[in-house]
């Protein structure tokens with residue numbers, strides 16, 4: 001589950017609202033003893049699927065009773081308030097597919113997915129996205145996707161699920177086939193008119209639209225940890241050693257390495273085809289500007305995160321805590 005709080009005890013007595021229409025299956029003001037009450041709501045979705053939302057560490061919003069079991073609630077309806085619980089007032093929020101009639105322990109050493117729990121914040125974000133007018137369809141993966149899908153000429157796409165399963169889905173979301181791989185793949189990209197898998201040990205291998213594997217080779221001294229940045233005809237990979245490694249257009253050789261890149265939050269390439277610069281934000285909130293030849297022009301630490309965009313004359317725009325900045329090809333702000 002997720003523990004939601006405002007800090008400095010500002011959450012105490014805040015209203016708790018139902019995330020969607022549903023029917024209460026559990027409601028007890030002492031469900032967690034001295035740590036407050038709990039409410040569970042059953043939600044039936046248009047596709048027939050049933051999920052349960054659980055709200056823990058709560059107290060009655062008005063009066064001395066929580067809404068009764070088997071009563072129906074509307075999306076956004078106040079069902080409780082945040083109670084004064086340990087270590088500070090907060091709401092414990094869960095999404096589950098089992099156990100509609102008991103709050104549970106709230107924590108487990110076992111994998112939550114195996115026990116029927118879902119990431120509650122991701123679940124809500126997904127549902128809100130699917131309700132938008134622009135949503136056509138969606139396909140659920142077994143695990144978080146570590147690499148973007150590869151769009152094919154017929155508008156179907158390939159994607160790697162859990163690092164070990166390669167799938168192809170049609171433009172309307174139907175999965176055509178799935179292939180189990182013997183080692184962990186971290187990306188699938190386009191190369192020479194074909195699809196190319198890159199594995200965590202630095203191996204690259206062709207795969208066709210029917211899932212047949214072709215020639216394979218290994219790039220020396222490359223152990224990528226995530227999907228590459230595609231910079232013109234090159235691939236730029238993050239590695240376990242905290243490096244950014246450039247692989248040439250033939251996908252055979254390492255061109256250069258940049259040290260001390262702890263993780264990549266976002267990036268943007270600006271400039272021209274022949275004279276480009278990579279703007280990169282690390283997970284430690286540091287902006288790096290790197291030329292196509294692997295020269296680091298500047299490292300600029302930020303107080304908080306930033307967003308990137310492309311400005312006039314092929315410059316980089318960085319929206320940061322301090323304002324909106326324009327960065328040129330010489331890394332002048």
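Among the residues of the stretch 279-293, those that are part of a loop (DSSP other than H, G, I, E, B) and over 23 Å from the mean Cα position of the chain (by Cα) comprise 292, 293. Taken over the stretch 206-245, residues that are over 27 Å from the mean Cα position of the chain (by Cα) and in a loop (DSSP other than H, G, I, E, B) amount to 6.
Do we have any residue at all in the stretch 261-269 that's more than 23 Å from the chain's Cα centre (by Cα), at pLDDT 95 or above and assigned to a strand (DSSP E or B)? It would help to see each step written out before you state the result.
First, pick out the residues of the stretch 261-269 that are more than 23 Å from the chain's Cα centre (by Cα): none.
No, the stretch 261-269 contains no residue that is more than 23 Å from the chain's Cα centre (by Cα), at pLDDT 95 or above and assigned to a strand (DSSP E or B).
Just give me the residues in the stretch 294-314 being part of a loop (DSSP other than H, G, I, E, B) and either at pLDDT below 95 or outside the structural domain of residue 329 (by TED's automatic domain parsing) (or both), in sequence order. Please lay out each step first, then the result.
Taking the stretch 294-314 and keeping what is part of a loop (DSSP other than H, G, I, E, B), we get 294-295, 302-306, 311.
Within the stretch 294-314, 302, 303, 304, 305, 306, 311 qualify.
Across the stretch 105-127, the qualifying residues are those that are assigned to a loop (DSSP other than H, G, I, E, B) and surrounded by 11 or more Cβ atoms within 10 Å (Cβ to Cβ), and the one among them that is modelled with the lowest pLDDT is 106.
Every condition in (1) crowded, with 16+ Cβ neighbours inside 10 Å; (2) on the phi > 0 side of the Ramachandran plot holds for residue 192 except the one numbered (1).
The values are calculated or read from the model by the stated rules, or taken from the named source; none is laboratory data. Keep in mind it's a predicted model, so treat the numbers as computed, not measured. Note: ideal-geometry Cβ built from the backbone for every residue, glycine included; neighbour counts use all protein chains shown.
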